[in-house]
Amino acid sequence: MPIKFGLLTNPSHNILEEIKLIHKLGFDYVEVGIELPRSAPEIILKKKISILKLIKNFNSPALAHTAWWIDFGTGYEPVRRGWVEEAKISIDAAKALGIKTINFHFYSIGLTNEYKKYHKQIISNIIASLREVVNYAGSKKVTVMLENSPTKRAVVGIKEYKFVLDSVDKLKAHIDIGHAFVENGMKGIKEYLFTFKSKIKHIHISDNNGERDDHIPLGKGKIDFKKVANSLKLMNYDKTITFEVFTSKEDAEESMVKFKKILSE
Ligand SMILES: [Zn+2]
(Lines give C-alpha, C1' and ligand atoms only; values in the text may rest on other atoms or scores of the structure.)
Protein backbone atom coordinates (compact mmCIF):
# COMPACT_ATOMS: atom_id res chain seq x y z
CA MET A 1 0.00 0.00 0.00
CA PRO A 2 1.50 3.38 -0.94
CA ILE A 3 1.91 6.17 1.64
CA LYS A 4 -1.05 8.57 1.81
CA PHE A 5 -0.43 12.31 2.12
CA GLY A 6 -2.62 14.75 4.00
CA LEU A 7 -2.94 18.23 5.39
CA LEU A 8 -4.16 19.59 8.71
CA THR A 9 -7.02 22.08 8.92
CA ASN A 10 -6.16 25.38 10.60
CA PRO A 11 -8.43 25.63 13.67
CA SER A 12 -8.46 29.43 13.40
CA HIS A 13 -10.09 29.32 9.96
CA ASN A 14 -13.49 28.17 8.70
CA ILE A 15 -13.28 24.39 8.77
CA LEU A 16 -15.45 23.81 5.68
CA GLU A 17 -13.32 26.15 3.55
CA GLU A 18 -10.20 24.49 4.90
CA ILE A 19 -11.34 21.00 3.91
CA LYS A 20 -12.41 22.19 0.44
CA LEU A 21 -9.00 23.78 -0.16
CA ILE A 22 -7.11 20.70 1.06
CA HIS A 23 -9.13 18.55 -1.35
CA LYS A 24 -8.56 20.98 -4.23
CA LEU A 25 -4.79 20.86 -3.65
CA GLY A 26 -4.81 17.11 -4.28
CA PHE A 27 -4.17 15.63 -0.84
CA ASP A 28 -5.32 12.05 -0.18
CA TYR A 29 -6.99 12.83 3.15
CA VAL A 30 -7.69 15.62 5.63
CA GLU A 31 -6.42 15.74 9.21
CA VAL A 32 -9.18 17.53 11.10
CA GLY A 33 -7.95 19.86 13.84
CA ILE A 34 -10.39 19.54 16.75
CA GLU A 35 -9.31 22.66 18.56
CA LEU A 36 -10.25 26.18 19.61
CA PRO A 37 -11.10 28.75 18.42
CA ARG A 38 -13.05 27.71 15.30
CA SER A 39 -12.96 23.90 15.42
CA ALA A 40 -13.79 23.09 19.04
CA PRO A 41 -15.79 19.84 19.43
CA GLU A 42 -19.08 21.77 19.81
CA ILE A 43 -18.49 23.58 16.50
CA ILE A 44 -17.51 20.33 14.76
CA LEU A 45 -20.76 18.71 15.93
CA LYS A 46 -22.82 21.68 14.73
CA LYS A 47 -21.27 21.45 11.25
CA LYS A 48 -21.18 17.65 11.22
CA ILE A 49 -23.32 17.04 8.13
CA SER A 50 -21.42 19.51 5.94
CA ILE A 51 -18.04 18.21 7.16
CA LEU A 52 -19.06 14.59 6.52
CA LYS A 53 -20.04 15.46 2.95
CA LEU A 54 -16.65 17.06 2.27
CA ILE A 55 -14.64 14.27 3.92
CA LYS A 56 -16.27 11.76 1.54
CA ASN A 57 -14.56 13.42 -1.43
CA PHE A 58 -11.14 12.12 -0.36
CA ASN A 59 -9.79 8.70 -1.33
CA SER A 60 -8.43 7.97 2.16
CA PRO A 61 -10.00 8.23 5.67
CA ALA A 62 -9.67 11.42 7.73
CA LEU A 63 -7.68 11.65 10.97
CA ALA A 64 -8.26 13.85 14.03
CA HIS A 65 -5.70 16.15 15.66
CA THR A 66 -6.17 17.86 19.03
CA ALA A 67 -4.55 20.93 20.62
CA TRP A 68 -0.86 20.46 21.51
CA TRP A 69 -1.39 22.18 24.88
CA ILE A 70 -3.83 19.64 26.34
CA ASP A 71 -2.13 19.02 29.69
CA PHE A 72 -2.62 15.42 30.86
CA GLY A 73 0.32 15.81 33.23
CA THR A 74 -0.83 18.67 35.42
CA GLY A 75 -0.66 18.04 39.16
CA TYR A 76 -3.81 20.08 39.80
CA GLU A 77 -6.17 17.13 39.97
CA PRO A 78 -9.45 18.89 39.03
CA VAL A 79 -7.67 20.40 36.01
CA ARG A 80 -6.21 17.02 34.97
CA ARG A 81 -9.69 15.48 35.25
CA GLY A 82 -11.02 18.35 33.16
CA TRP A 83 -8.51 17.63 30.39
CA VAL A 84 -9.43 13.93 30.42
CA GLU A 85 -13.12 14.85 30.11
CA GLU A 86 -12.37 17.30 27.30
CA ALA A 87 -10.35 14.58 25.53
CA LYS A 88 -13.40 12.29 25.69
CA ILE A 89 -15.52 15.06 24.15
CA SER A 90 -12.95 15.39 21.34
CA ILE A 91 -13.06 11.62 20.79
CA ASP A 92 -16.88 11.81 20.55
CA ALA A 93 -16.56 14.61 17.97
CA ALA A 94 -14.09 12.53 15.93
CA LYS A 95 -16.38 9.52 16.17
CA ALA A 96 -19.33 11.63 14.95
CA LEU A 97 -17.29 12.36 11.81
CA GLY A 98 -16.57 8.67 11.33
CA ILE A 99 -12.89 9.24 12.20
CA LYS A 100 -11.12 6.22 13.70
CA THR A 101 -7.77 7.74 14.71
CA ILE A 102 -7.07 10.68 16.99
CA ASN A 103 -3.83 12.16 18.34
CA PHE A 104 -2.82 13.77 21.61
CA HIS A 105 0.56 15.35 22.36
CA PHE A 106 3.28 14.34 24.79
CA TYR A 107 3.10 17.66 26.59
CA SER A 108 2.71 19.20 30.02
CA ILE A 109 3.48 22.78 30.99
CA GLY A 110 5.70 21.48 33.80
CA LEU A 111 8.04 19.53 31.51
CA THR A 112 10.69 22.25 31.64
CA ASN A 113 14.12 22.39 33.29
CA GLU A 114 12.82 24.38 36.26
CA TYR A 115 10.48 21.58 37.28
CA LYS A 116 12.85 18.68 36.71
CA LYS A 117 12.27 17.27 40.19
CA TYR A 118 8.57 17.17 39.49
CA HIS A 119 8.87 15.37 36.12
CA LYS A 120 8.36 11.89 37.56
CA GLN A 121 4.97 12.91 38.94
CA ILE A 122 4.01 14.66 35.69
CA ILE A 123 4.88 11.58 33.63
CA SER A 124 2.86 9.34 35.92
CA ASN A 125 -0.10 11.74 35.61
CA ILE A 126 0.24 11.61 31.81
CA ILE A 127 0.17 7.80 31.92
CA ALA A 128 -2.91 7.70 34.19
CA SER A 129 -4.73 10.18 31.94
CA LEU A 130 -3.83 8.37 28.73
CA ARG A 131 -4.89 4.99 30.10
CA GLU A 132 -8.34 6.39 30.75
CA VAL A 133 -8.49 8.19 27.39
CA VAL A 134 -7.30 5.14 25.41
CA ASN A 135 -9.86 2.91 27.16
CA TYR A 136 -12.65 5.35 26.45
CA ALA A 137 -11.59 5.65 22.80
CA GLY A 138 -11.36 1.86 22.54
CA SER A 139 -14.97 1.53 23.65
CA LYS A 140 -15.86 3.76 20.67
CA LYS A 141 -13.51 1.84 18.31
CA VAL A 142 -11.20 4.86 18.02
CA THR A 143 -7.40 4.47 18.16
CA VAL A 144 -5.34 6.98 20.15
CA MET A 145 -1.80 7.96 19.18
CA LEU A 146 0.71 10.10 21.03
CA GLU A 147 2.75 12.75 19.21
CA ASN A 148 6.32 13.52 20.35
CA SER A 149 6.99 17.17 21.28
CA PRO A 150 9.67 19.64 20.08
CA THR A 151 11.55 19.64 23.37
CA LYS A 152 15.34 19.76 23.68
CA ARG A 153 16.76 16.41 24.73
CA ALA A 154 18.39 17.89 27.84
CA VAL A 155 14.92 18.55 29.26
CA VAL A 156 12.74 15.61 28.25
CA GLY A 157 12.62 13.37 25.19
CA ILE A 158 12.57 9.95 23.61
CA LYS A 159 13.31 8.13 26.87
CA GLU A 160 10.26 9.56 28.63
CA TYR A 161 8.13 9.28 25.48
CA LYS A 162 9.03 5.57 25.25
CA PHE A 163 8.23 5.05 28.93
CA VAL A 164 4.74 6.48 28.37
CA LEU A 165 4.13 4.40 25.22
CA ASP A 166 5.32 1.25 27.00
CA SER A 167 3.08 1.99 29.99
CA VAL A 168 -0.18 2.53 28.13
CA ASP A 169 -1.61 -0.54 26.48
CA LYS A 170 -2.86 -0.01 22.87
CA LEU A 171 -1.42 3.52 22.65
CA LYS A 172 0.17 4.09 19.20
CA ALA A 173 3.10 6.28 18.18
CA HIS A 174 2.69 9.39 16.06
CA ILE A 175 6.12 10.68 15.09
CA ASP A 176 6.64 14.32 14.16
CA ILE A 177 9.87 14.52 12.12
CA GLY A 178 10.36 18.26 12.83
CA HIS A 179 9.90 17.74 16.58
CA ALA A 180 12.42 14.86 16.60
CA PHE A 181 14.91 17.12 14.77
CA VAL A 182 14.54 19.89 17.39
CA GLU A 183 15.16 17.29 20.09
CA ASN A 184 18.30 15.67 18.66
CA GLY A 185 18.94 16.49 14.99
CA MET A 186 19.05 13.81 12.27
CA LYS A 187 20.06 11.27 14.90
CA GLY A 188 16.84 12.05 16.78
CA ILE A 189 14.72 11.45 13.69
CA LYS A 190 16.34 8.07 13.03
CA GLU A 191 16.01 7.07 16.67
CA TYR A 192 12.31 7.91 16.83
CA LEU A 193 11.52 6.14 13.55
CA PHE A 194 13.38 2.94 14.35
CA THR A 195 12.62 2.70 18.08
CA PHE A 196 8.86 2.87 17.50
CA LYS A 197 8.79 1.19 14.08
CA SER A 198 6.16 -1.37 15.07
CA LYS A 199 3.96 1.16 16.91
CA ILE A 200 4.01 4.05 14.39
CA LYS A 201 0.58 4.82 13.02
CA HIS A 202 1.12 8.29 11.61
CA ILE A 203 3.83 10.84 10.73
CA HIS A 204 3.98 14.65 10.60
CA ILE A 205 6.53 16.41 8.42
CA SER A 206 7.82 19.99 8.19
CA ASP A 207 11.23 21.63 8.12
CA ASN A 208 12.97 23.73 10.80
CA ASN A 209 16.38 25.08 11.78
CA GLY A 210 16.80 22.83 14.81
CA GLU A 211 16.07 25.42 17.48
CA ARG A 212 12.29 25.47 17.49
CA ASP A 213 9.29 24.06 15.64
CA ASP A 214 9.32 26.49 12.68
CA HIS A 215 6.84 24.57 10.45
CA ILE A 216 8.53 25.84 7.29
CA PRO A 217 8.47 24.22 3.80
CA LEU A 218 10.75 21.25 3.06
CA GLY A 219 14.16 22.52 1.95
CA LYS A 220 13.91 25.86 3.81
CA GLY A 221 15.41 24.49 7.03
CA LYS A 222 18.16 22.08 8.01
CA ILE A 223 16.47 18.66 7.87
CA ASP A 224 17.96 16.19 5.36
CA PHE A 225 14.79 14.79 3.80
CA LYS A 226 16.72 12.34 1.60
CA LYS A 227 17.80 10.61 4.80
CA VAL A 228 14.25 10.76 6.17
CA ALA A 229 12.95 9.17 2.95
CA ASN A 230 15.61 6.46 3.11
CA SER A 231 14.64 5.59 6.68
CA LEU A 232 10.97 5.39 5.71
CA LYS A 233 11.84 3.09 2.81
CA LEU A 234 13.98 0.89 5.05
CA MET A 235 11.05 0.60 7.46
CA ASN A 236 8.62 -0.13 4.60
CA TYR A 237 6.48 2.70 5.95
CA ASP A 238 3.11 2.59 4.20
CA LYS A 239 0.73 4.64 6.35
CA THR A 240 -0.06 8.38 6.45
CA ILE A 241 2.09 11.54 6.36
CA THR A 242 0.62 14.95 7.10
CA PHE A 243 2.52 18.05 5.95
CA GLU A 244 2.56 20.54 8.81
CA VAL A 245 3.93 23.38 6.69
CA PHE A 246 2.19 26.43 8.12
CA THR A 247 3.48 29.20 5.80
CA SER A 248 0.62 28.45 3.37
CA LYS A 249 -1.41 25.49 2.08
CA GLU A 250 0.16 25.99 -1.36
CA ASP A 251 3.63 25.70 0.25
CA ALA A 252 2.47 22.50 1.93
CA GLU A 253 1.35 21.14 -1.44
CA GLU A 254 4.76 22.01 -2.96
CA SER A 255 6.45 20.22 -0.06
CA MET A 256 4.33 17.15 -0.74
CA VAL A 257 5.31 17.11 -4.44
CA LYS A 258 8.97 17.54 -3.44
CA PHE A 259 8.85 14.73 -0.87
CA LYS A 260 7.05 12.35 -3.24
CA LYS A 261 9.88 12.95 -5.73
CA ILE A 262 12.56 12.28 -3.08
CA LEU A 263 10.76 9.08 -2.08
CA SER A 264 10.70 7.83 -5.67
CA GLU A 265 14.43 8.40 -6.27
ZN1 LIG B 1 2.94 17.58 14.47
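What to note about this one:
- Rounded to the nearest Hz, the phi-derived 3J(HN,Hα) couplings of the stretch 139-154 under the Karplus curve 6.51 cos²θ - 1.76 cosθ + 1.60 (θ = phi - 60°) are 5, 9, 6, 10, 9, 9, 10, 10, 9, 5, 9, x, 9, 5, 4, 4, where x marks glycine and proline.
- Solvent-accessible heavy-atom area per residue, rounded to whole Å², over the stretch 4-264 at 1.4 Å: 46
- 18 Å Cα-Cα threshold exceeded, pairs from 199/239; 162/239; 227/258; 152/222; 120/201; 140/199: 162/239; 120/201; 140/199
- Net charge dipole, the chain: roughly 720 debye, given to the nearest 20, about the Cα centre with Cβ charges of +1 for Lys and Arg and -1 for Asp and Glu.
- Here, the stretch 1-59 yields an orientationally averaged convex hull projection of 3.9 nm² when only Cα atoms define the hull.
- Three-way shape call for the stretch 70-198 based on the alpha-carbon gyration tensor, with the a/c threshold at 1.5: oblate
- The heavy atoms of residue 226 offer some 120 square angstrom of accessible surface to a 1.4 angstrom probe.
- Measuring with a 1.4 angstrom probe and ignoring ligands and nucleic acids, residue 242 comes out at about 0 Å² accessible.
- Heavy-atom surface analysis with a 1.4 Å probe gives the chain a carbon and sulfur content of 55 percent of its accessible area.
- Potential lengthening of the chain between residue 79 and residue 53 amounts to 5.8 nm, from the contour at 0.36 nm per residue minus the alpha-carbon distance.
- Three principal axis lengths of the stretch 4-264 [C-alpha, angstrom, descending]: 47, 43, 29
- Euclidean distance of C-alpha centroids, the stretch 1-76 and the stretch 206-243, integer Å: 21
- In this calculation the C-beta distance from residue 24 to residue 45 is compared with R0 = 22 Å, giving a FRET efficiency of 0.30.
The values are calculated or read from the model by the stated rules, or taken from the named source; none is laboratory data. Because the structure is predicted, anything quoted here is derived from the model rather than measured. When we count neighbours, we look across all protein chains shown, and the Cβ atoms used for this are built from the backbone with ideal geometry, even at glycine. Surface areas here come from the heavy atoms of the whole protein model, side chains and all, with no ligands, DNA or RNA. Shrake-Rupley method; radii C 1.70, N 1.55, O 1.52, S 1.80 Å.
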